[in-house]
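Worksheet: the structure to be examined is printed underneath.
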Amino acid sequence: MIWFLQGQASQRDVILGAREALPAAVQVFASHAGDRPEITGVADVGLREPQGAAQSIDWVIDTATRHGITLVVAGRNGAAYEQRRADFSAAGLALVTGGMSPRTFELVDNKDQFTAEAERAGLACIPAITVTDAQQLEAAYQRLAAVGEVCIKPAVGIYGQGFWRFKAGAEPFRCFANPDAREVDFATYHSAYAAAQVHQPMLVMPYLPGTECSVDMVCEAGEAVAWVGRRKAGVHQGFERDSAATALAIAAARHFACDGIINVQTRDDAQGRPHLLEINPRYSGGIGYTRATGINLPGVFATRRLGLAPPPGEWLEGVRVKAITVAVALPA
């Protein structure tokens, strides 16, 4: 039996993919700390997680043991679960967190350390300058702006939160009127950062003008066994399988010892060469889109981890998708 703990909103897509690929005799468990029956309801058994990571882990070990579950897949709190790997092993439970040790999470969750390690390993990445005060921010910006556009993001974070592109000539109020554009003039940003009581460490980087590629991958001890790259083109997303971006993602997953269903993001420079943006040691919010290519990544992951034959997959070339909102009826 396999248990998918709370993850991203795409947990539902992951459960559906695994359920489709597994024999009916293999039960799929799913849990969430919130009231999310649209997620837990598609599993064979749905559970409600307690609030708080510390309490949850003990509860997970006890519950998995009582139900005879053999494989536990951490979702959102992979780093916390990785710290307790020995406890899962002692209980006879296989644990998948996204990494092989705490070091994976230490390196990929801190973007400053991630960039330094990627450069040391010879993996193409975007060079960054870490700043912790307004004076350092000014100096870093002036240094990079001399050769091209500049952007900034937090040293620690997910989902692209805190990312801004410094756009010369942008209206100062634009960042408030249209925050989704992620564009701000440097003077406005610098003034706000200088006024902050606590200066969060930030990474100042060259802004690459190319497109991003989000590579969803199934990894086993650092080795990619299945992957699909997604790239936005207007309102659609297209897919790629054997490209420079996916090759870079595979090399990065190997170096950082990723393990499980993970996501690597890259961005192309002006010449179309990909550079690492980040590694997320967890499945992405858009992993469900990859099913349109004929490759069932969650199914590949679940079957291989349980020692079963993976689902047949036939790559469909030229597929595009567009996300739409669909209402799901929930129990009262």
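Each value in this text was obtained by applying a stated rule to the coordinates, not by laboratory testing. Because the structure is predicted, anything quoted here is derived from the model rather than measured. Glycine gets a Cβ as well: all are built from the backbone with ideal geometry, and neighbour counts include every protein chain shown.
Worth a mention:
- Alpha-carbon spread of region 44-99, three principal axes, descending order, Å: 26, 24, 18
- Least to most buried among Val147, Val225 (fewest other Cβ within 10 Å first): Val147, Val225
- Placing pseudo-labels 7 Å out from each Cα toward the beta carbon at His236 and Val319 gives an inter-label distance of 1.4 nm.
- Rounded to the nearest 20 debye, the dipole size of the chain about its Cα centre is 340 debye, using +1 on the Cβ of Lys and Arg and -1 on the Cβ of Asp and Glu.
- Debye-sum result for region 126-228 in log10 I(q)/I(0), which assumes one identical scatterer on each alpha carbon, at q = 0.20 Å⁻¹: -1.04
- Estimated purely from DSSP H runs of n ≥ 4, each contributing -39500 (n - 2.57), the mean residue ellipticity at 222 nm for the chain is -9000 deg cm²/dmol once divided by its residues.
- All lysines inside 16 Å of Lys111 as judged from Cα atoms, apart from same-chain residues fewer than 8 positions distant: Lys153
- Region 176-286: relative contact order in percent, alpha carbon pairs under 8 Å with at least 6 residues between: 25 percent
- Rounded to the nearest 20 debye, the dipole magnitude of region 187-266 is 260 debye, with +1 charges on Lys and Arg beta carbons, -1 on Asp and Glu beta carbons, and the Cα centre as origin.
- Taking the Cα centre of region 50-139 as origin and assigning +1 to Lys and Arg Cβ atoms and -1 to Asp and Glu Cβ atoms, the resulting dipole is close to 400 debye.
- Net lengthening on full extension, Phe176/Glu106 (0.36 nm per residue, minus Cα-Cα): 21.9 nm
- Lys/Arg +1, Asp/Glu -1 at C-beta; region 194-288 dipole; positive extreme among Val198, Val215, His275: Val198
- In this rough spin-label picture, where each label sits 7 Å from Cα along the Cβ direction, the Gln27-Arg120 distance is 4.5 nm.
- Proximal lysines to Lys322, defined as alpha-carbon separation beneath 23 angstrom and excluding residues fewer than eight positions away on the same chain: Lys232
- The chain: DSSP helices with Cα axial extent of at least 20 Å and average Kyte-Doolittle hydropathy no lower than -1.0: 53-67
- When the chain is reduced to its Cα atoms, the Kirkwood hydrodynamic radius in Å: 21.2 Å
- Cα gyration tensor shape for region 1-115, rounded if a/c is under 1.5, else prolate or oblate: prolate
- Over all distinct Cα-Cα pairs of region 210-321, the Kirkwood formula returns a hydrodynamic radius of 14.0 Å.
- Positive-pole candidate from Ala177, Thr290, Ala146, dipole of the chain, charges at beta carbon: Thr290
- Contact order normalised by residue count of the chain, Cα under 8 Å, 6+ apart, percent: 18 percent
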